[in-house]
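Read-outs throughout are calculated quantities, based only on the coordinates presented, and are distinct from any laboratory measurement. Treat the numbers as computed from the prediction; the structure is a model and nothing was measured. A quick note on method: Cβ atoms are made from the backbone with ideal geometry, for glycine too, and the neighbour counts reach across all protein chains shown.
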Amino acid sequence: MKPDVLRGHLDALLLATLDGRRLHGYAIIEALQLRSGGALDLPTGTVYPALRRLERAGYVTSEWSTVSGRQRRTYHLTKAGQRALVQERTAWREFTAAIEGVLGEGPWPAQA
């Protein structure tokens, strides 16, 4: 998948990945890969700065935890992050419906 396609959607993808879960950074990257069927293979240099940005915005909070015997920063959504995710999902549905109306299969109706 072209990296440009993700522009403007990374925050929503991260919020959705954390929905109802507490994950460390690498687990977030793995979850994105798994849920996208391997199409999303984001580098840590993209994910970690975005997580810090979401944390500064108050959408994500983090704490140190021990995962498999290792200290890792674990992230989860705040109430504001949950509200932002609802808004992102609504905006995504509206966007994809509009784009499907144009790119969807089938001929354009004849003009009068």
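When you check W92 against the structure, is it touching a residue at least 60 places away in the same chain (Cβ under 8 Å), out of contact with any Leu (no Cβ under 6 Å at 6 or more places or on another chain) and aromatic (F, W, Y), yes or no?
yes
Here Q111, Q71 are screened, and the one residue that is in contact with a Phe, Trp or Tyr (Cβ under 6 Å, 6 or more places away or on another chain), farther than 20 Å from G8 by Cα and not small (G, A, S) is Q71.
Within segment 13-35, the set of residues being more than 15 Å from L77 (Cβ to Cβ), touching an Asp or Glu at 6+ places or on another chain (Cβ under 9 Å) and hydrophobic (A, V, I, L, M, F, W, C) comprises I29, L32.
Table: residues versus (1) on the phi < 0 side of the Ramachandran plot; (2) surrounded by 12 or more Cβ atoms within 10 Å (Cβ to Cβ).
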{"position": "Q33", "(1), (2)": "yes, yes"}
{"position": "G45", "(1), (2)": "yes, no"}
{"position": "G58", "(1), (2)": "no, yes"}
{"position": "S62", "(1), (2)": "yes, yes"}
{"position": "V67", "(1), (2)": "yes, yes"}
{"position": "L85", "(1), (2)": "yes, yes"}
{"position": "T90", "(1), (2)": "yes, no"}
{"position": "W108", "(1), (2)": "yes, no"}
